[in-house]
Amino acid sequence: MAVMVTGATGFIGSALVKALTASGEEVQVLSRPQSISRVPAEDGVRIFEGDLDSSSSLDLAMRGCTGVYHLAACTGVWYRDVGRHNHINVEGTRRVLYAAKRAGVESVVVCSTAGVTGPSLNQVPLQEDAPSQEDGFTQYEGSKILMEKMIQQFPSEGMRIVVVRPTRLYGPGPLSKSNTVTRMLVNYLKGRWHVLPGTGNHYGNYTYVHDVVKGHILAMRHGRHKECYHLGGEDMTYRQLFQRAGAVYGKQHTLYPLPYPLMLGASALLKGVAFLSNTEPAISPGWVKRYHHHWMVSSQKAVEELGYQSTPFEVGVEKIIEHYAL
C-alpha cells in the first residue's frame with residue numbers, strides 16, 4: 001500500500017516526500033505538468049500528472065493508497081481575483097477529501113496554518129481550541145479559516161481527517177517565497193539584511209521545517225479525527241530571531257526599524273500597482289498589519305497526543321549555516 005502527497009514540490013511537501021521514501025513508504029504524487037521536474041527524484045515515488053481541479057487525476061493518484069497528505073495550497077500574497085485562494089484552498093481541499101472517500105483512503109492529513117486562530121493577546125500563546133478569526137488578515141488566512149470550517153462539516157464516515165497547523169517555517173530547502181524566514185536569516189548572516197519590521201518587538205513562533213515534516217507523519221499515525229494540532233517551535237521577537245542567529249554564527253549586524261506607517265503606505269502602493277498590472281505584489285497591507293501583532297503559539301497538544309518535538313532554534317540555525325555553506 002502507498003500514501004499520496006499533494007504539494008510535493010513545496011517547502012514542506014518536498015521534505016515530506018524525502019522523509020517518507022527514506023522510511024520505506026511508497027509515495028504517489030499529484031503534480032501539475034510544469035512542476036513535475038521539481039518533484040524530489042527519490043526511489044519509491046510515482047508521479048501522476050494533474051491538479052486539484054481534476055477529479056479523475058485525483059482518483060488515479062489515490063488508487064491503492066491508505067493515506068493522503070494534502071499540502072497543495074495557494075499561498076500567494078494577494079491576487080486581484082479574490083476567489084483564487086478559496087478556489088484552491090477550500091474547494092480544492094473538498095475535492096481531495098471526496099476523492100479520498102471514493103478511493104477508500106483511511107486517513108487524510110491536511111496542512112493548514114497556525115494563523116487561523118489570529119494574534120495572541122497579552123503575549124499569551126494560543127492553544128488549538130482558541131476561536132478562529134472571522135476573516136483573517138490576508139486572503140490566504142481567510143481561505144484557511146474557511147477550509148477548516150468546511151473540514152469540520154465534511155461527511156467523512158469511515159475516514160479520519162486530521163488538521164495540522166505549522167507556524168513560521170525555517171530550515172534547509174529552496175529559498176522560495178514559502179521559505180521567507182530562511183531567506184531573511186541567510187541574508188542577515190551574510191550582512192545583506194538590515195531591516196526590522198516595525199519596532200522589531202512583536203513575537204512570532206518559528207519552527208524548523210523537518211519538525212513539521214515529522215509532525216505530519218505523527219498526525220497520520222496518532223492524530224484524532226477532525227482535531228487540529230499546532231506544529232510550532234519557539235516564540236521570539238524579530239530582534240531575538242536575528243540576534244540569536246547572529247550569536248550562533250558569531251557575528252551580529254546592525255538592524256534598522258522600518259516604521260509601521262511607512263510599511264503600510266508602501267504595501268498599499270505595491271498593491272495598487274499589482275491591481276493595475278494583474279500581478280502579485282511583494283507584500284500587501286494585510287501582511288503588514290500582521291507584523292503589528294504578536295503571534296505566540298502553544299504546541300502542547302501535539303506534544304502530548306502525537307509525540308511531537310521541536311528542534312532548538314540554535315540547532316536549526318547551525319543546520320542552515322551548514323546547508324548553505326555560510
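For T279, the conditions (1) more than 21 Å from P197 (Cβ to Cβ); (2) at pLDDT 95 or above; (3) of a type outside the set (A, V, I, L, M, F, W, C); (4) out of contact with any Gly (no Cβ under 6 Å at 6 or more places or on another chain) all hold with the exception of (2).
Within the range 65-89, can you find the residues that are surrounded by 15 or more Cβ atoms within 10 Å (Cβ to Cβ) and part of a loop (DSSP other than H, G, I, E, B)? Result: L71, A72, A73, C74, T75, G76, V77, W78, Y79.
This table checks each residue for (1) part of a helix (DSSP H, G or I); (2) of a type in the set (S, T, N, Q).
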residue: I151; (1), (2): yes, no
residue: R165; (1), (2): no, no
residue: G173; (1), (2): no, no
residue: T180; (1), (2): yes, yes
residue: M184; (1), (2): yes, no
residue: N187; (1), (2): yes, yes
residue: R192; (1), (2): no, no
residue: T199; (1), (2): no, yes
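A single member of L146, L121 is among the hydrophobic types (A, V, I, L, M, F, W, C) and modelled with pLDDT under 90, and it is L121.
Each residue in the range 251-290 was checked for being in a loop (DSSP other than H, G, I, E, B) and either in contact with a helix residue (DSSP H, G or I) (Cβ under 7 Å, 6 or more places away or on another chain) or farther than 19 Å from W78 by Cα (or both), and 11 of them qualify. Could you check, for the range 220-243, whether at least one of its residues is among the aromatic types (F, W, Y), touching a residue at least 60 places away in the same chain (Cβ under 8 Å), assigned to a helix (DSSP H, G or I) and out of contact with any strand residue (DSSP E or B) (no Cβ under 6 Å at 6 or more places or on another chain)? No, the conditions are met nowhere in the range 220-243.
Here is the figure for the range 305-326: residues that are farther than 22 Å from Q127 by Cβ, among the small types (G, A, S) and assigned to a loop (DSSP other than H, G, I, E, B) total 1.
The values are calculated or read from the model by the stated rules, or taken from the named source; none is laboratory data. All values reported here derive from a predicted model rather than from experimental measurement. Every residue, glycine as well, gets a Cβ built from its backbone with ideal geometry; the counts of neighbours run over all protein chains shown.
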